[in-house]
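The values are calculated or read from the model by the stated rules, or taken from the named source; none is laboratory data. What you see is a predicted model; the values in this text were computed from it and never measured. Here the Cβ positions follow ideal geometry from the backbone for every residue, glycine too, while neighbour counts run over all protein chains shown. Accessible surface is based on the protein model in full, side chains and every heavy atom, while ligands, DNA and RNA are left aside. Shrake-Rupley method; radii C 1.70, N 1.55, O 1.52, S 1.80 Å.
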Amino acid sequence: MILIKGGTVIGPTGAIPADVLVVGEQVSAVFAPGQGPAEGDFETIDATGKYVIPGAVDAHTHMELPFGGTFASDTFDTGTRAAAWGGTTTIIDFAVQRTGEVVQDGLAAWHGKADGNCHVDYAFHMILGGVDDESLKAMDTLVTDEGITSFKLFMAYPGVFYSDDGQILRAMQKARDNGAMIMMHAENGPAIDVLVKQALERGETDPIHHGLTRPEALEAEATSRAIWLAGVAADCPLYIVHLSASKALEQVAAARDLGRNVFAETCPQYLYLTLEDQLGAPGFEGAKWVCSTPLRSKHGTHRADLWQGLRTNDLSVVSTDHCPFCFKDQKELGVGDFSKIPNGIGSVEHRVDLLYQGVVDGKLSLARWVETIATTPARMFGLYPRKGIIAPGSDADIVLYDPAARTRIGVETHHMNMDHSAWEGYEIAGKVDTVMSRGRVIVSGGAYHGAKGHGQFVRRGLSDYLI
Ligand SMILES: [Zn+2]
Ligand SMILES: [Zn+2]
């Protein structure tokens, strides 16, 4: 038994001073201050001056993802340990069916990578790299038997993950029938490929051209098309991943105004970083910030619009799209050809802090901070109320957050398996102080007490966030 005393518990409905009693792996009770059990045969954690928040849920990570002839540099071991350090106690990673592979084989491969290696709990979405009769049937099996209730499709990456509109529609119809969520990488891949080829022919090889060949219009167009297709599939639940651009957000907002089951996430990189300042860094440096969708221009209103979307719930979730690659030997694969730079930024450790800075800056309320990083992702993807809330019966995944301390982000102090940081030098006016995963204190006093293998696979139910 552990009693967390004297803190301020934050949930999606606001902040209340309260004490939290943990028994075994679960929250047993939430008490008015001082009303819990008196001193006795249990451990007490003093949370005075701290926020007590549900362990964060990162609904979009790619540990060990094969991409462009290499692998994302965090394993499930190193990546979930870094997540724990940063206050994230559940990840939903993407198992991959590559084109031509059997869905269940892809899933088994991801279980093989994760099983016994995770420090915090984990679940899977399934990437469908090939929609056909067999994979459509597999969608039903995964929903009913495997606890996998969301499927990611790609309108980008022809020849790798790409689905055409007919395939997308068929998968959406299937999801409408079995209750699953369709997650969409919404960029017009065939059009992007034309722009990439033309840029390279003109000798435009620097990292910034990764962004310039993936213009906002091609994200907005694909987002709109996905929304229309989901409408044809009788309002199949649709979740746009890594939304980065104002005009894509407009499409989502318009659909939501109509009461549609259309949702979207953004990622910290789109809230803070830009095409010019990061992707356009001198020489090959910008490769650190090559990700898709790309960072957007600072001359647009993208960042302000995304923060606003978080406030209005047109953006419901902040995930990281954590897909780290080292600079040396990995990002460097694209020297002289930006199209060969592995796509991805590593942030799994920093999302709680980076979004808390939004609270400090007056852009988000405390309640909205917790909602976008923990409660809504749990609800969106069928983990609630086990995850994403501090309530009797929920897993004791709890973070004590210290608003009086500071975090400085950088490669010297982070725990991700990366030789650089996309956030080097960023200072946050707050700090993850203590982290508990299913009742076990895994981070406290600046030391790590967790263990590989503690994290368990979590079977998910259907979304309870639908309109
Ligand atoms: Zn994607
Ligand atoms: Zn991704």
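Quick notes on this structure:
- When 317, 352 are screened for being in contact with a helix residue (DSSP H, G or I) (Cβ under 7 Å, 6 or more places away or on another chain), touching a residue at least 60 places away in the same chain (Cβ under 8 Å), among the aliphatic types (A, V, I, L, M) and within 16 Å of ligand 1 (Cβ to nearest atom), only 317 passes.
- Qualifying position, being of a type outside the set (S, T, N, Q) and either closer than 30 Å to residue 326 by Cβ or modelled with pLDDT under 95 (or both), among 249, 212: 212
- Pairs, first without any contact (Cβ under 8 Å) to a residue 60 or more places away in the chain in segment 137-158, second among the charged types (D, E, K, R) and within 16 Å of ligand 1 (Cβ to nearest atom), C-beta under 7 Å, six or more apart: 158/193
- Qualifying position, being within 16 Å of ligand 1 (Cβ to nearest atom), open to solvent by 10 Å² or more (accessible area, probe 1.4 Å) and either among the aliphatic types (A, V, I, L, M) or farther than 18 Å from residue 59 by Cα (or both), among 311, 296: 296
- The residues listed here are 248, 287; of these, the one that is in a helix (DSSP H, G or I) and away from ligand 1 (no atom under 16 Å from the Cβ) is 287.
- Inside segment 1-42, residues that are over 29 Å from the mean Cα position of the chain (by Cα) and within 14 Å of residue 397 (Cβ to Cβ) make up a count of 1.
- Residue within segment 37-45 that is under 30 Å from residue 342 (Cβ atoms), assigned to a strand (DSSP E or B) and touching a strand residue (DSSP E or B) at 6+ places or on another chain (Cβ under 8 Å) present: no
- Note on segment 415-429: residues that are in a loop (DSSP other than H, G, I, E, B) and in contact with a helix residue (DSSP H, G or I) (Cβ under 7 Å, 6 or more places away or on another chain) amount to 6.
- Test: residue 182 is touching a residue at least 40 places away in the same chain (Cβ under 8 Å), within 14 Å of ligand 1 (Cβ to nearest atom), under 23 Å from residue 60 (Cβ atoms) and of a type in the set (A, V, I, L, M, F, W, C): yes
- Among (1) open to solvent by 30 Å² or more (accessible area, probe 1.4 Å); (2) within 16 Å of ligand 1 (Cβ to nearest atom) - the single one residue 226 does not satisfy: (1)
- Count - residues of segment 101-131 that are touching a residue at least 24 places away in the same chain (Cβ under 8 Å), more than 16 Å from ligand 1 (Cβ to nearest atom) and either among the acidic types (Asp, Glu) or surrounded by fewer than 23 Cβ atoms within 10 Å (Cβ to Cβ) (or both): 11
- Segment 160-175, subset without any contact (Cβ under 8 Å) to a residue 60 or more places away in the chain and surrounded by fewer than 17 Cβ atoms within 10 Å (Cβ to Cβ), residue nearest to ligand 2 (Cβ to nearest atom): 164
- When segment 337-369 is filtered for residues that are more than 16 Å from residue 289 (Cα to Cα) and part of a loop (DSSP other than H, G, I, E, B), the ones remaining, listed by number, are 349, 361, 362, 363, 364, 365.
- Only residues that are farther than 23 Å from residue 304 by Cβ and either of a type in the set (Lys, Arg) or within 16 Å of ligand 1 (Cβ to nearest atom) (or both) were counted across segment 251-281, and they come to 1.
- Residues of segment 290-307 classified as more than 19 Å from residue 187 (Cα to Cα), not polar (S, T, N, Q) and not in a helix (DSSP H, G or I), total: 2
- When segment 224-239 is filtered for residues that are free of Cβ contacts under 8 Å to residues at least 40 places away in the same chain and of a type in the set (Val, Ile, Thr), only 227 remains.
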